[in-house]
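The structure appears below as C-alpha cells.
Just so it is clear, none of the values below were taken in a lab; they were calculated from the coordinates. On a predicted model such as this, the values are computed, not experimentally measured, just so you know. A quick note on method: Cβ atoms are made from the backbone with ideal geometry, for glycine too, and the neighbour counts reach across all protein chains shown.
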Amino acid sequence: MGERLETPAKPALGLTNTLGHGPDLPVVRAEKDDDAVGLSEGIGAENYSLIVDYGHGSHRVSGQPRSLGDMPRLADEQIESFTKENPRWMWSDDEITRTYELADFNEAMGFVTRVALAAEKANHHPDIDIRWNEVTLTLSTHSEGGLTEKDLELADTIDGLV
C-alpha cells in the first residue's frame, strides 16, 4: 500500500449517535494501491481503493468500473413490471425515484454512504437528495437517454441496503 488520503470523523464537533455513545460518523479514505485495479481509468489515473470505516468494521471497494457501453433502453412493459413488483419506486418519464425515510440524519448519511459504495462498484450513480432523515434517489442511464437494466439492478441493490 502506498499513499493514503483520509477524511476523518470529527469528534470535536460533539456529534453523537442516537444513543449518545459518542461519534457515529464513518472515516472515509482512499488508499493508493499498486496491486489493485483503479476505481477510475484515464490519463494519469492512479489505482485507489475506497475504504469506509465505521469504527467496528470497514468496507473496501476497489476494482475497475464496468462500462455501460451500448445498453438498450427498457420497454415500457419492463418498467411497469418492475414498478408493480416494487411499488415504492415511482416511474416518471425517463427515470425512477424512491424516497427512503430513516430514523435520523446519522442513519440517512450512513445509508447514503452504503448507496455510494454500491453505486461506485456498479459504476452507475443515482441523483441523491438528502433532507434530514429522508433520502430521495433518482435513477436513469443518462448516456442512453432513459432507463436500462442497470437502473433496475441498482434499485434492487439499494433496496437491500436499508
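A few notes on this one:
- Highest mean first, the peptides 122-128, 156-162 sorted by other C-beta atoms within 10 Å per residue fall in the order 122-128, 156-162.
- Taking only the Cα atoms of region 77-134, the radius of gyration and Dmax are 12.9, 38 Å.
- Counted by Cβ distance under 11 Å from W132, the other residues give a net charge of -3, where Lys and Arg count +1 and Asp and Glu count -1.
- Sum of side-chain charges, R98 neighbourhood, beta-carbon under 9 Å (Lys, Arg +1; Asp, Glu -1): 0
- Local net charge near T148, Cβ-Cβ under 11 Å (Lys/Arg +1, Asp/Glu -1): -4
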